[in-house]
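Presented below is the structure to which this report refers.
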Amino acid sequence: MSKIGIILGSGLSHFTKQLENPEIIYSELGGIHKKSVLEGRICGKTVFLFTGRNHFYETYSKDKVYRNINLAKDLNIEFLIITNAAGGLNPLYQVSDLMLIKSHINFFQKRLIEKPVQCSSDGTIRWAKDCAIRNGIKVYEGCYYASSGPVYETQSEINFLKRVKADAVGMSTIPDILRANELGIKTLGISCITNKLYSGFSVKVTHDEVVDAGAKAYRRFSEYLKNLINDY
Ligand code: HPA
């Protein structure tokens with residue numbers, strides 16, 4: 001039976017409550033996000049939930065940045081769903097909407113991998129989209145811009161990102177995807193839109209707003225994750 005892992009982004013940590021017979025298998029204090037790995041069962045499948053991650057802007061240690069993915073490899077996880085909070089650039093996107101990361105733009109950090117890395121194969125995106133449709137859950141497919149953070153975008157950066165047709169921007173996930181790819185772990189990236197970014201006028205984005213919006217999207221997002229686990 002294949003093992004599934006889910007990296008829970010901002011606002012999604014309550015999803016750990018869905019685990020039957022949870023066991024803490026890793027726990028770490030420190031940094032701005034609490035980090036742990038829990039193992040348990042959801043929809044009759046073995047699932048590992050990762051709360052918290054180390055971002056590139058927090059540390060120069062590759063060991064820390066890639067910790068979740070290296071742990072996933074040690075746990076023989078074959079499929080990782082990587083979730084995040086992201087700012088919405090596509091004018092259609094509203095707060096709480098979900099976006100499958102179909103493509104990405106990454107200029108801030110690369111790994112030496114021979115070929116360009118896609119977050120998910122076309123087949124995985126089709127499967128995830130189909131699962132959403134069958135369960136009446138609205139998801140977009142879009143392009144994620146990987147920002148090195150830690151600050152939110154300037155007005156000119158927002159204008160630029162809209163012009164290059166990025167649909168959402170966030171500060172995580174792409175390093176995870178690159179490392180997972182290197183280790184042969186299949187991935188699916190899902191962004192939860194926690195704030196809208198406008199060209200022409202600036203709205204100050206705050207971390208609290210991002211966390212609150214993540215929490216508001218929780219019900220839909222957690223339903224979708226359960227549907228994906230059940231389907232896999
Ligand atoms: N920009 C970058 N990262 C983010 C944002 C944003 O507006 N919202 C949530 N994560």
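Quick notes on this one:
- In region 41-65, the residues that are aromatic (Phe, Trp, Tyr) and farther than 13 Å from Thr16 by Cβ: Phe56, Tyr57, Tyr60
- Filtered by the rule that a residue be closer than 20 Å to Arg67 by Cα and touching a helix residue (DSSP H, G or I) at 6+ places or on another chain (Cβ under 7 Å), region 187-208 gives Thr187, Leu188, Gly189.
- In the set Glu141, Glu182, Glu153, only one residue is within 12 Å of the ligand (Cβ to nearest atom) and on the phi < 0 side of the Ramachandran plot; that residue is Glu153.
- Hey, Val169 within 13 Å of the ligand (Cβ to nearest atom) and not in a strand (DSSP E or B) or not: no
- In a residue-by-residue description of region 70-81, the property of being β-branched (Val, Ile, Thr), closer than 21 Å to Asp231 by Cα and crowded, with 19+ Cβ neighbours inside 10 Å applies to at least one position.
- Pairs linking a residue in region 168-183 that is hydroxyl-bearing (Ser, Thr, Tyr) to a residue that is open to solvent by 10 Å² or more (accessible area, probe 1.4 Å) and assigned to a helix (DSSP H, G or I), with Cβ atoms under 9 Å and 6 or more positions apart or on different chains, are Ser172/Phe56.
- Against the test of being more than 16 Å from the ligand (Cβ to nearest atom) and either more than 29 Å from Ile193 (Cβ to Cβ) or more than 17 Å from the chain's Cα centre (by Cα) (or both), the options Leu49, Leu75, Leu71 yield a single qualifying residue, Leu75.
- Residues in region 140-161 that are crowded, with 19+ Cβ neighbours inside 10 Å and either of a type in the set (Lys, Arg) or assigned to a loop (DSSP other than H, G, I, E, B) (or both): Ser147, Tyr152, Glu153.
- Contact map, region 195-216: residues that are more than 10 Å from the ligand (Cβ to nearest atom) paired with residues that are assigned to a helix (DSSP H, G or I) and open to solvent by 80 Å² or more (accessible area, probe 1.4 Å), Cβ distance under 9 Å, separation 6+ or inter-chain. Pairs shown: Ser199/Arg163; Ala215/His14.
- Residue count, region 165-178 (criterion: under 14 Å from the mean Cα position of the chain (by Cα) and of a type in the set (Lys, Arg)): 0
- Residue within region 110-126 that is without any contact (Cβ under 8 Å) to a residue 60 or more places away in the chain, away from the ligand (no atom under 16 Å from the Cβ), open to solvent by 60 Å² or more (accessible area, probe 1.4 Å) and touching a Gly at 6+ places or on another chain (Cβ under 7 Å) present: no
- Candidates Thr173, Thr194, Thr187 - the one that is on the phi > 0 side of the Ramachandran plot and crowded, with 24+ Cβ neighbours inside 10 Å: Thr173
- Test: residue in region 60-77 that is closer than 30 Å to Phe201 by Cβ and either at pLDDT 90 or above or touching a Ser or Thr at 6+ places or on another chain (Cβ under 9 Å) (or both): no
The values are calculated or read from the model by the stated rules, or taken from the named source; none is laboratory data. Computed from a predicted structure; not experimentally measured. Glycine gets a Cβ as well: all are built from the backbone with ideal geometry, and neighbour counts include every protein chain shown. These area figures cover heavy atoms from the full protein model, side chains too; ligands, DNA and RNA do not enter into them. Shrake-Rupley method; radii C 1.70, N 1.55, O 1.52, S 1.80 Å.
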